[in-house]
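Notes to accompany the following structure.
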Amino acid sequence: MKHLLATEGLKYHDALAILDTAEEMAAVTSREVKKLPTLRGRTVVNLFYEDSTRTRVSFEAAAKRLSADVVNFSAKGSSVSKGESLKDTVQTLDAMGADAIVIRHSAAGAAAQLAASDWSEAAVINAGDGTHEHPTQALLDALTLRRDWAAAHGSASPRGTDLSGMRVLIVGDILHSRVARSNVWLLRTLGAEVHFAAPATLLPLGVEHWPVTVHYNLDEALVAAPDAVMMLRVQAERMGGAFFPTAAEYSRRWGLTDERLTVVQQLRLGETEAPALILHPGPMNRGVEISAAAADSAQTRITEQVTNGVAVRMAVLHLLLTGDPR
Ligand code: CP
């Protein structure tokens, strides 16, 4: 693999190699000295045209823990505001030496355009392109799910295992969600069953052709589907029009409210005694798609998702720049 642009088309053995390497990286990050020398002398450029907290900071932490040099570029406050193009910006940063470029952009396909161009020879990692894909988010979600799934089924280690038989329910603003798209492809590759619950206005055109089961009632979906419930952020910044009447109405019909939390608390991971899981990619709109009690419950893995993001991004940088699975 030269680039990581999407989970659609990511091969099973490549996905497992990333997850297994991430487990090795997670072991490093829990040591007193959290560094490896593997990318010493290499430069990672974080090229962010959209806002980010988790992805940008964790790519920076990941690169530094592998001893790489890091250049952080944010379009806000840069010469992009003077009209500089993506091509000229990339070529400018590349001229300072880039071995990997991590790009977040509002345009679907921006990462693929960069990877296909002659603007840079660097490895390209898609950190979110419009509503298209966010592959490292799906990989960190899979790492998080796999830990609990493997432990509940008595595996001493999640290494080498997949998500066969797991039922994952993705809820909410699927229309605007690159996280949902990347999760569908990766979860299916790893053997999981994927369910959507969303209002019809927040489902993509052609969803009936996706490898998912669609529910139009969240309470029915909770009973039918999940070992894990992944709540999505309502992406108000991508909504030009009214997709639902009010935030209160959305929460009542599609939110993981305190009442629905009591239902999720009864759910189990497959046939085991372990409780079902709650995930959210962040940032959360507390009180809209998820209540404070649900966000902070014992079944929730949101903090673990963030921690696992560093390990997954270390694994991706390591594999792309050295080709050496650990
Ligand atoms: N989940 C995610 O991509 O968060 P950020 O926008 O904060 O990076």
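Can you tell me the 0 to 90 degree angle between the C-alpha axis of helix 302-322 and the longest principal axis of the chain, rounded to 10?
For 302-322 against the chain, the angle is about 40 degrees.
Working from Cα positions, state the angle (0 to 90°, nearest 10) between the long axis of helix 135-152 and the longest principal axis of the chain.
Helix 135-152 and the main axis of the chain meet at about 50 degrees.
Going by average Cβ neighbours within 10 Å, how do the peptides 274-281, 225-232 rank, with the highest at the top?
Ranked by mean Cβ neighbours within 10 Å, highest first: 225-232, 274-281.
Checking the a/c ratio against 1.5 first, then a/b against b/c, what shape does the Cα gyration tensor give for the stretch 93-199?
oblate
Nearest 5 percent is fine: what portion of the DSSP beta bridges confined to the chain is antiparallel?
That works out to approximately 5 percent antiparallel.
For helix 54-65, what angle does its Cα long axis make with the longest principal axis of the chain, in degrees from 0 to 90 and rounded to 10?
50 degrees
Have a look at the DSSP beta bridges in the stretch 135-301 and tell me what percent are antiparallel, nearest 5.
Beta bridges within the stretch 135-301, antiparallel portion: roughly 5 percent.
In sequence order, what are the phi-derived ³J(HN,Hα) couplings for the stretch 188-195 according to the Karplus relation 6.51 cos²θ - 1.76 cosθ + 1.60 with θ = phi - 60°, rounded to whole Hz, with x for glycine and proline?
5, 4, 8, x, 7, 9, 10, 10
May I ask you to list the aspartates and glutamates whose Cα is less than 16 Å away from that of Lys2, ignoring any residue fewer than eight positions away on the same chain?
Qualifying aspartates and glutamates at Cα under 16 Å: Asp14, Asp99, Asp118, Glu121, Asp324.
Sort 170-179, 201-210, 43-52 by packing, meaning the average of other beta carbons within 10 Å per residue, with the highest value first.
Peptide ranking by packing, descending: 170-179, 43-52, 201-210.
Can you order the peptides 124-130, 191-197, 148-154, 260-266 by their average number of other Cβ atoms within 10 Å per residue, highest first?
Going by the mean number of other Cβ atoms within 10 Å, highest first, we get 124-130, 191-197, 148-154, 260-266.
Find, to one decimal place in angstroms, the Kirkwood hydrodynamic radius of the chain, where the mean of 1/r is taken over every pair of different Cα atoms and then inverted.
After inverting the pairwise mean of 1/r, the radius is 20.2 Å.
Work out the length of the dipole vector of the chain about its Cα centre, built from +1 on the beta-carbon of each Lys and Arg and -1 on the beta-carbon of each Asp and Glu, and round it to the nearest 20 debye.
600 debye
Using just the Cα positions, wrap the stretch 135-301 in a convex hull and report its mean projected area in square nanometres, one decimal place.
Working: hull surface 36.5 nm².
Mean shadow area of the hull around the Cα atoms is 9.1 nm².
If R₀ is 22 angstrom, what is the calculated FRET efficiency for the pair Ser85 and Asp51, using the beta carbon separation as r and rounding to 0.05?
On the way: r = 21 Å, r/R0 = 0.93.
Efficiency, rounded to the nearest 0.05: 0.60.
Please list, in order along the stretch 84-96, the HN-Hα scalar couplings obtained from phi with the Karplus expression 6.51 cos²θ - 1.76 cosθ + 1.60 (θ = phi - 60°), rounded to whole Hz, x for Gly and Pro.
5, 7, 4, 4, 5, 5, 4, 5, 5, 5, 5, 5, 8
Residue by residue through the stretch 219-231, which ³J(HN,Hα) values in whole Hz follow from phi under the Karplus form 6.51 cos²θ - 1.76 cosθ + 1.60 (θ = phi - 60°), with glycine and proline marked x?
5, 5, 5, 4, 6, 6, 9, x, 9, 9, 10, 10, 8
Which residues' amide hydrogens lie under 5 Å from the amide hydrogen of Val102, considering only partners 5 or more residues apart or on another chain, with H built in the peptide plane?
Counting only residues 5 or more places away or on other chains, the set is Val45, Asn46, Leu47, Ile125.
Extension gain Ser74-His13, at 0.36 nm per residue separation less the Cα-Cα distance, in nm?
18.6 nm
Each value in this text was obtained by applying a stated rule to the coordinates, not by laboratory testing. Computed from a predicted model, the values in this text were never measured in an experiment. Here Cβ is always computed from backbone atoms with ideal geometry, including for glycine, and neighbour counts include all displayed protein chains.
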